[in-house]
Structure formats: C-alpha cells, structure tokens
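Encoded as structure tokens, the structure appears first; notes follow it.
Coordinate-derived values only; no laboratory data. Bear in mind that the values here come from a model prediction, so they are computed numbers and not experimental data. Glycine gets a Cβ as well: all are built from the backbone with ideal geometry, and neighbour counts include every protein chain shown.
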Amino acid sequence: MTSGIITKVAGPLVIAEGMRDANMFDVVRVSKQRLIGEIIEMHGDRASIQVYEETSGLGPGEEVESTGAPLSVELGPGLIGSIYDGIQRPLEEIMKVAGNNLTRGVEVAPLDHKKKWHFTPAVKAGDKVISGDTIGIVKETNAVTHKIMVPNKMNGTVKSIKEGDFTLDDVVAVLDCGGKTEELTMSVKWPVRIGRPYKRKLSPDILLTTGQRTIDTLFPIAKGGVAAVPGPFGSGKTVVQHQLAKWAAADIIVYIGCGERGNEMTDVLNEFPELKDPRTGNSLMERTVLIANTSDMPVAAREASIYTGITIAEYFRDMGYTVALMADSTSRWAEALREMSGRLEEMPGEEGYPAYLGSRLAQFYERAGRVIVNGTEDTEGALSVIGAVSPPGGDISEPVSQATLRIVKVFWGLDASLAYKRHFPAINWLTSYSLYVDQLEKWFSDNASPDFTKLRTRLMAMLQDEAELQEIVNLVGMDALSAQDRLKLETARAIREDYLHQNAFDPTDTYTSLKKQVLMMRAILMCYDKSVEALSQGADIELLLKIEVRERIGRFKYEPEENIDKEFELISAILDKEIGDVIERSED
C-alpha cells in the first residue's frame with residue numbers, strides 16, 4: 001500500500017509527495033483522522049488530492065495512504081430508500097455512530113451487511129450465463145424487485161446456486177469460468193467515473209410521460225433523454241423536479257441534491273417519505289434513492305455526489321428499469337470545479353471556470369440513454385437525466401448554462417416573472433424548446449392522437465402570435481386590433497391560464513393523461529374555430545367573448561379522468577348552441 005507525506009494544504013486540495021506507486025483517481029486516506037480524498041493529478045511522485053471532508057487543522061508532514069482502488073460505490077439490495085452523502089455514506093447510520101454532528105473520518109458501510117435478504121434463484125446449476133444476466137432476485141420494496149446480476153466481464157456455467165435468506169457477504173452462487181471458480185455475493189463495487197457498459201444505444205423515440213401539460217405537449221422529453229431546467233431563485237426548479245419525481249413514467253428515481261441549501265434538502269428529505277406514490281399507494285421512497293450534499297459540506301464532495309448518483313442510476317438501468325435522475329443543481333458542481341481549478345493554479349476559462357467545464361458536463365450527461373443492457377436476452381433499460389441549473393440572477397448567458405445548453409436536447413427555461421404571477425410551472429413557452437419533438441412525432445401519433453402534432457403546432461403558433469399582438473396592444477391599445485386578432489388574444493389567454501397553468505396541489509390537476517391533454521387542446525381550438533366561423537357570419541365579437549362555455553372549457557382540467565369524454569361532448573354541444581344564439585342575436 002502506497003503512502004506519502006503532505007507537503008501543502010490549500011482548502012480542499014492537499015499535495016503529497018512519495019506517492020510514486022499510486023494511480024490517478026485512487027482513493028486515499030489523509031492524516032490520522034483518515035479523511036477521504038481522491039487523487040486528481042500526478043506529477044512524478046507528487047499527487048494532488050481533492051479531499052471530500054473538511055481539511056482545517058491538517059498540516060505538512062502528516063501521512064497520506066492510498067487504498068489502491070478508485071472511488072467506487074457499493075451496489076446491491078438496500079440502496080432503495082437510502083439517504084447518502086456525496087461519497088455514499090448513509091446519513092442515518094452516520095447519525096447513529098456520530099450523533100447529530102458529522103465528525104470527520106467516520107467510516108460506515110454504504111449498505112447494511114448484517115441484514116438478511118431473501119434470495120430467489122432465476123437460474124439453475126448447469127445453466128450458462130454471461131455478464132449482465134440475472135441469476136436471482138430480491139424483493140427489496142413493494143415497488144422494486146432487485147435483480148442480482150453476473151458481474152461485468154464474467155462468463156461461465158452455474159456450478160451451484162441456492163435459495164434462502166442471506167447477508168450481502170454470503171455466497172449465493174458459484175460460477176465455473178473456464179476452470180476458474182468465481183463466488184458471487186449480492187453486492188458489487190463499481191468505480192463512479194466509469195460508465196457501466198451496455199450492448200447498444202437506442203434512438204430516443206419513446207416519450208417519458210410526466211403528466212405535466214407544458215412538458216408533455218410543448219417541450220417533451222424522451223425516455224433516455226437529457227433536459228436542463230435553468231431558472232433564478234424562486235422560479236420553481238425544485239417544484240418541477242418534485243413533480244417529475246412523482247409523476248414521470250419511471251420505475252426508479254435518483255435525486256441528487258448537489259450543493260443545495262440545507263433547508264431545501266431538508267424539505268426533500270421530509271417530503272419524499274410522505275409523498276404518496278401514485279403507482280403503489282405507498283411512500284415514494286420505496287422507489288427512490290436520495291443523495292444529500294448540502295452547500296455547507298466540503299465543495300469537492302459535490303463532484304463525487306454527481307458521479308455517485310449516476311452510477312447508482314446506471315445500475316438500476318442495467319436491471320431493465322426506466323430510471324429518472326434529478327440533479328439539483330449542476331451549477332453548484334461547476335462552482336466546485338472552479339474552486340479546485342483555482343487551487344491547482346490552472347489557466348482559467350470564462351468567468352474563472354476551468355476550460356474543461358463543457359467536457360465534464362458532457363461526460364455526465366452522455367451517460368443517459370435508452371439502451372439494450374448486457375445479458376443473454378435483449379432487455380431494454382433507460383436512464384433520463386434532468387439537471388437543474390441555477391444561474392446567478394437568472395442570467396443564462398453565463399458559462400454553466402451555455403455549456404449545458406450545448407449538450408442537452410430539452411430546455412425548460414423558468415421565468416421569474418411567470419413565477420411572480422403565480423403561473424406554475426413557470427416554463428417560458430417562448431424561450432423553451434425540445435429537440436425530441438420530431439423523433440417523438442410517430443409515438444404521439446400512435447399513442448396519443450393522429451393529429452397531436454397538428455394540435456401542438458397550432459397551440460405554439462397561437463402563443464407566438466399573442467406575443468406579437470401584445471406589443472401592439474401595449475403601444476396603441478386593444479381598440480386597434482381587428483375582431484379576429486382579439487379572438488386570438490382571448491384563445492391564447494385560455495391556452496396560458498387553462499392549459500399551461502397546472503396546480504401541483506390539486507389532486508385532479510396535478511397529473512393529466514395524454515388523452516385528456518388532447519381533449520383539452522381540442523376544446524380550446526374548437527371554441528376558436530367556431531368563433532372565427534361565427535365572425536365571418538356577422539357575429540358580434542363582444543358577445544362571442546362573453547359566451548359562458550369558455551368558463552366550462554377553463555374548468556375542464558379539474559374534471560376527473562373517467563368523465564372527460566362525456567364532458568367534452570357536453571362542451572361541444574353547449575358551444576354549438578351558444579354560438580348559434582350569438583349569430584341570431586347579431587342578426588337582430
């Protein structure tokens with residue numbers, strides 16, 4: 001085991017000499033306190049180490065010891081429902097050992113090695129297996145069946161396998177790998193900086209349904225897609241991510257609080273166990289892994305938290321699950337990169353961020369995707385990544401936002417003025433975009449409605465027209481508009497207030513099925529089309545704008561799913577009658 005001597009301490013950066021036999025990204029233990037660190041640069045026998053714990057009190061002359069292994073996470077039953085810090089230390093277990101004050105150098109196993117899990121074999125003695133094959137299952141929670149897989153680069157024949165209750169250290173199966181015997185347990189370690197392998201990547205052409213109308217209709221994200229949610233403080237980034245965690249069509253949720261304020265992370269830790277999972281009716285924590293890295297924890301650990309989270313997410317993807325990873329927020333990670341880059345005296349890039357900021361972000365986001373996972377059978381798994389970005393003052397021209405936008409395919413730009421008007425989700429429909437729209441067109445046509453794309457296009461055009469018309473109104477007043485333009489403005493208002501505005505706390509409005517989204521769009525556009533037709537027949541614009549059915553269309557979003565067909569037919573009938581009445585009155 002390699003050991004060296006500290007020569008310099010600069011915040012989270014420690015320089016040690018005598019580390020000739022150590023490797024890049026090896027985990028080291030620093031000083032007698034055994035603080036966890038990671039080698040990020042080597043120059044001869046001199047190692048630059050980023051320490052993931054507070055370094056105050058450290059000084060030159062103290063010993064550094066390399067573990068000879070890269071920073072890794074332990075993967076196995078017990079991950080679901082856990083709350084970890086950035087380097088996969090279970091916070092609840094640390095509290096039992098160290099109390100409420102997080103002491104430095106505390107060592108706690110990421111998974112409980114004393115707990116017994118019931119292992120049910122999925123193969124039998126004599127079966128041939130390859131890496132990625134499921135050899136057995138463990139019922140981890142009501143929502144998650146944990147698959148125990150053959151480790152990477154291991155192929156062979158099952159010599160023995162047994163059913164029963166075992167700890168993570170017990171041997172559950174023995175493989176004959178060409179004369180070499182391998183004993184398999186229920187847990188495995190994986191280095192966090194290396195993406196887990198898969199057979200091949202698939203095209204992102206299946207929608208990740210979220211039940212959020214602004215997202216599903218206007219700016220959809222595909223399964224295995226990547227999205228960014230930039231927005232200033234108070235614009236609702238966390239609310240959007242909570243909604244997606246609860247309602248997105250994902251089997252597993254991994255939530256990373258990267259450098260978040262303590263009170264925001266506390267909200268997540270308090271709310272998630274109490275949130276009711278719409279799939280099972282039980283706690284949302286039964287399919288969630290939380291990684292809590294608060295802003296008062298050492299900055300270097302922010303980088304580790306991002307990699308820890310995505311490695312755990314990839315592990316569940318390899319089981320064939322659809323995983324959604326929420327990173328809140330990557331700006332704090334970028335700040336940690338800037339701090340370490342400054343300590344290493346590297347040439348700074350824009351606004352002091354390192355020149356490699358874009359490539360680091362890309363390395364993280366490119367680990368998302370819909371893939372065929374390793375194994376004998378062609379099993380599909382998907383990992384979607386939604387990263388929140390917190391630009392100072394909401395200015396998305398800053399480097400982190402710009403580097404992120406060059407990578408991701410979906411941009412949900414949050415707007416402080418919308419949030420101020422209590423319009424949630426505060427996604428600005430004029431600046432946001434999704435590059436998956438064309439790839440998802442066929443999926444929408446087959447699974448939602450053949451005219452879904454046409455409806456979406458009309459909605460977007462109406463909102464664009466409203467922005468232009470609003471400028472005229474601001475300059476010369478409403479009277480300058482033609483009757484048809486006034487009708488457009490009224491329809492755009494209905495789209496904004498009745499369709500895009502969604503109440504996360506209303507039990508009916510919090511989630512909208514695709515079928516209901518289609519009917520809501522049709523109702524709004526049908527009202528517009530029939531009003532335009534009535535105008536051409538000489539109807540009075542004032543009377544058209546006051547028809548009572550408009551209010552009924554606005555309340556459509558609060559209609560339970562089982563009533564939507566009946567309500568749509570009713571709206572259609574009332575609309576015909578009321579517009580007919582307006583035409584008659586206008587003729588008189």
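If you take Rg/Rh (Cα atoms, Kirkwood Rh) from the coordinates, which of (1) 1.02; (2) 1.05; (3) 1.19 do you get?
Here the calculated entry is (2).
How many angstrom separate the Cα center of the range 26-103 from the Cα center of the range 271-327?
Rounded to whole Å, the Cα centres lie 20 Å apart.
Where does the charge balance sit around Gly477 when Lys and Arg score +1, Asp and Glu -1, over other residues with C-beta under 14 Å from its C-beta?
-2
Long-range amide H contacts for Ala10: which residues qualify at under 5 Å (H placed 1.01 Å from N, peptide plane, sequence gap of 5 or more or a different chain)?
HN-HN under 5 Å from Ala10: Ile15.
Using mean Cβ contacts within 10 Å as the protection proxy, how do 343-349, 67-73, 131-137 order, highest first?
Ranking, from highest mean packing down: 131-137, 67-73, 343-349.
Using the structure shown, select from Lys199/Lys409; Lys116/Lys162; Lys147/Lys442; Lys421/Lys557 the pairs with a Cα to Cα distance greater than 25 angstrom.
Lys147/Lys442
Direction-averaged shadow area of the convex hull around the Cα atoms of the range 1-60, nm²?
Taking a quarter of the hull surface, the average projection is 3.4 nm².
Please state the relative contact order of the chain as a whole percent: Cα pairs under 8 Å, 6+ residues apart?
13 percent
Asp26's amide H: which non-local residues (gap 5+, or another chain) put their own amide H closer than 5 Å, with H modeled 1.01 Å from N in plane and none for Pro or chain starts?
Distant-sequence amide H within range of Asp26: Ile39.
Would you calculate, for the chain, the mean residue ellipticity at 222 nm contributed by helices, counting each DSSP H stretch of 4 or more residues as -39,500 (n - 2.57) and dividing by all residues, to the nearest 500?
-10500 deg cm²/dmol
Under 5 Å between amide hydrogens, which residues at least 5 positions from Thr288 or on another chain qualify, with H placed 1.01 Å from N in the peptide plane?
Residues meeting the criterion, in which the H sits 1.01 Å from N, are Gly81, Ile253.
Of the listed peptides 470-483, 569-582, what is their order by residue-averaged count of other C-beta atoms within 10 Å, with the highest listed first?
569-582, 470-483
Quick one: Karplus J couplings for the range 169-186, per residue in order, coefficients 6.51, -1.76, 1.60, θ = phi - 60°, nearest Hz, x for Gly and Pro?
With the stated coefficients, the range 169-186 comes to 8, 6, 7, 9, 8, 10, 10, 9, 9, x, x, 9, 8, 10, 9, 9, 10, 8 Hz.
Step through the residues of the range 50-66 one at a time and calculate ³J(HN,Hα) from phi using the Karplus curve (6.51 cos²θ - 1.76 cosθ + 1.60, θ = phi - 60°), rounding each to whole Hz and writing x for Gly and Pro.
Once θ is set to phi - 60°, the couplings for the range 50-66 become 8, 9, 8, 9, 4, 9, 4, x, 6, x, x, x, 7, 8, 10, 10, 8 Hz.
Put +1 on the Cβ of every Lys and Arg and -1 on every Asp and Glu Cβ in the range 428-491; which of Phe452, Gln484, Thr431 then has its Cα farthest towards the positive end of the dipole?
It is Phe452, whose Cα lies furthest towards the positive end.
For a quick protection proxy, order the peptides 442-450, 85-93 by their average other-Cβ count within 10 Å, most packed first.
85-93, 442-450
Considering only DSSP beta bridges where both residues belong to the chain, give the percentage that are antiparallel (nearest 5).
70 percent
Provide the per-residue ³J(HN,Hα) series for the range 272-280, in order, calculated from phi with Karplus coefficients 6.51, -1.76, 1.60 and θ = phi - 60°, each as a whole number of Hz, with x at glycine and proline positions.
4, x, 8, 5, 8, 6, x, 6, 10
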